[in-house]
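Bear in mind that the values in this text are calculations on the coordinates, not laboratory data. Predicted model, so just to flag it, every value in this text is computed and none were measured. Counting neighbours? That spans all protein chains shown, and the Cβs are built from the backbone with ideal geometry, glycine included.
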Amino acid sequence: MKRRPGKGKTRNTGRRAFLRSLGKAAASVGAALVGGAGMFGHSSTGRAAVAKPAPPEIPGYDWNKHRWGYGIDANRCIGCLRCVEACKAENDVFLSAHHFRTWVERYVWLDGEERPRVDSHADPGNIAASGSEKQFRFDNRYRDEKVYKAFFVPKICNHCRHPSCVSVCPTGATFKTDDGAVLIDHSYCIGCQYCVQACPYGARFFDPRTHVTEKCTWCYHRITKGLKPACVEVCPVNARIFGDLNNQASDISKFLRENRVQVLKPETGNAPTCFYVGLDKEVS
């Protein structure tokens with residue numbers, strides 16, 4: 001069966017109910033799904049064996065000709081949160097400050113303090129400042145403080161080259177495409193949330209409406225039609241960069257050539273394809 005990753009969601013309630021019950025049974029044996037011999041089969045490395053997905057059925061698009069990458073310039077981000085709002089609108093993300101595919105963190109150092117204070121749009125003070133689940137704002141809690149340094153850090157799914165979320169998925173619902181994206185086939189997802197726990201970046205969440213997991217897809221339904229992800233499209237300061245790494249003239253290729261970049265939590269071995277400029281050591 002060919003997969004059709006994109007904006008729409010496929011449902012097979014009977015099959016999903018069966019798989020969900022199977023997933024609950026598997027949960028009773030815990031780590032057997034990840035290491036050792038398990039009911040879903042394993043490779044010689046001990047990782048869950050997940051079948052390679054068929055190419056997506058997208059007319060005129062060949063995922064073998066592209067290798068997508070994402071860049072973030074924390075020096076440019078102004079914390080306007082238009083990216084978060086655009087993502088929610090484009091991808092029908094659950095309207096809650098605690099469910100999001102992309103988010104922005106604020107790091108603030110006050111005089112006399114050695115460590116930064118960190119908050120995001122999900123902070124209670126910022127939720128109160130926005131006054132709406134459709135719009136998001138950072139409050140002005142530091143207006144009377146002596147701020148030594150401050151900056152914003154956008155975050156998304158890192159679409160890793162060695163994603164731990166794929167390794168732990170018991171049904172193959174989470175898979176990696178040949179063009180670099182990590183996607184979820186919701187017709188296979190049983191809502192076990194193993195991937196949510198396995199992601200070292202906190203980039204996944206459980207959707208209470210559909211009972212499946214969600215995450216950033218780089219707006220796959222857009223990029224396969226030659227468009228940019230919604231968050232990149234609306235950024236007023238070009239802090240978010242996206243493009244084809246196979247194209248040396250693309251925005252992301254230029255970004256990587258012209259900057260000394262880094263990735264989040266390189267020690268995990270996930271090998272992110274989301275590259276940053278302007279991070280301090282306190283950002284993880």
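Full extension of the chain between residue 132 and residue 281 gives 50.3 nm of extra length, using 0.36 nm per residue less the Cα-Cα distance. For residue 212, nonlocal amide neighbours, meaning residues 5 or more places apart or on other chains whose placed amide H falls under 5 Å from its own, are 207. Is the shape of segment 111-216 best called rounded, prolate or oblate, per the rule: a/c under 1.5 gives rounded, else a/b larger than b/c gives prolate, else oblate, with a ≥ b ≥ c the square roots of the Cα gyration tensor eigenvalues? Prolate, because a/c is 1.5 or more and a/b exceeds b/c.
Between residue 221 and residue 122, full extension at 0.36 nm per residue minus the direct alpha carbon distance yields a gain of 33.0 nm.
Ranked by the mean number of other Cβ atoms within 10 Å of their residues, highest first, the peptides 190-197, 179-186 fall in the order 179-186, 190-197. As a rough footprinting exposure proxy, the listed residues 143, 76, 117 were ranked by other beta carbons within 10 Å of their own, and the order from fewest upward is 143, 117, 76. Residues 222, 137, ranked from the fewest to the most other C-beta atoms within 10 Å, line up as 137, 222. Between residue 209 and residue 75, the modelled labels are 4.0 nm apart [label points 7 Å from Cα along Cα→Cβ]. Ranking of 145, 233, 258, 214 by neighbouring Cβ atoms within 10 Å, starting from the fewest: 258, 145, 233, 214.
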